Amino acid sequence: MASPVLVTPESNSKDKSSRHYLVVWINNLLKTQFKDVRQMGSGACHCQMMDLVVPGSVDMTQVKFDVQSDDDCMHNFGLLCKAFDKSSITK
């Protein structure tokens with residue numbers, strides 16, 4: 001098993017907040033280009049992470065990446081909840 005890689009923000013970055021570290025980690029993990037944690041609120045990256053942890057748990061063809069409304073976000077989080085149920089993950 002490969003050893004974990006520590007990912008840190010670039011040394012010239014002025015933002016050292018935990019939010020910044022989260023964005024850097026998610027971008028590295030999912031190969032995305034989020035600039036701010038608020039961009040991750042659509043549920044799409046949550047579905048990607050769940051499918052990464054439990055492959056096949058989320059039908060990624062149904063995930064709405066170009067979210068236009070709250071309904072699209074609810075759709076994505078609904079897919080995530082179904083994946084949790086399917087994988088027997090409870091609160």
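Assorted remarks:
- Condition check for C47: modelled with pLDDT of 95 or more, under 26 Å from D85 (Cα atoms), in contact with a Leu (Cβ under 9 Å, 6 or more places away or on another chain) and not in a loop (DSSP other than H, G, I, E, B): yes
- Reported count of residues in the stretch 18-37, each being in a helix (DSSP H, G or I) and touching a helix residue (DSSP H, G or I) at 6+ places or on another chain (Cβ under 9 Å), is 8.
- So S88, is it assigned to a loop (DSSP other than H, G, I, E, B) and surrounded by 12 or more Cβ atoms within 10 Å (Cβ to Cβ): no
- Residue, nearest to S17 (Cα to Cα), within the stretch 36-52, restricted to residues that are without any contact (Cβ under 8 Å) to a residue 24 or more places away in the chain and surrounded by 12 or more Cβ atoms within 10 Å (Cβ to Cβ): V37
- Subset tally (residues that are of a type in the set (S, T, Y) and within 22 Å of N28 (Cβ to Cβ)) for the stretch 45-91: 1
- Contact map, the stretch 70-90: first residue free of Cβ contacts under 8 Å to residues at least 60 places away in the same chain and among the hydrophobic types (A, V, I, L, M, F, W, C), second residue loosely packed, with under 12 Cβ neighbours inside 10 Å and not in a helix (DSSP H, G or I), Cβ cut-off under 8 Å, separation 6 or more or different chains; pairs are F84/T90.
- Summed over the stretch 55-64, residues that are without any contact (Cβ under 8 Å) to a residue 12 or more places away in the chain and either assigned to a loop (DSSP other than H, G, I, E, B) or within 19 Å of Q39 (Cβ to Cβ) (or both) total 2.
- Filter result for V67 (surrounded by 15 or more Cβ atoms within 10 Å (Cβ to Cβ), modelled with pLDDT under 95 and not in a helix (DSSP H, G or I)): yes
The values are calculated or read from the model by the stated rules, or taken from the named source; none is laboratory data. None of the values given here were measured: they were computed from a predicted structure. We place every Cβ from the backbone using ideal geometry, glycine too, and count neighbours over all the protein chains shown.
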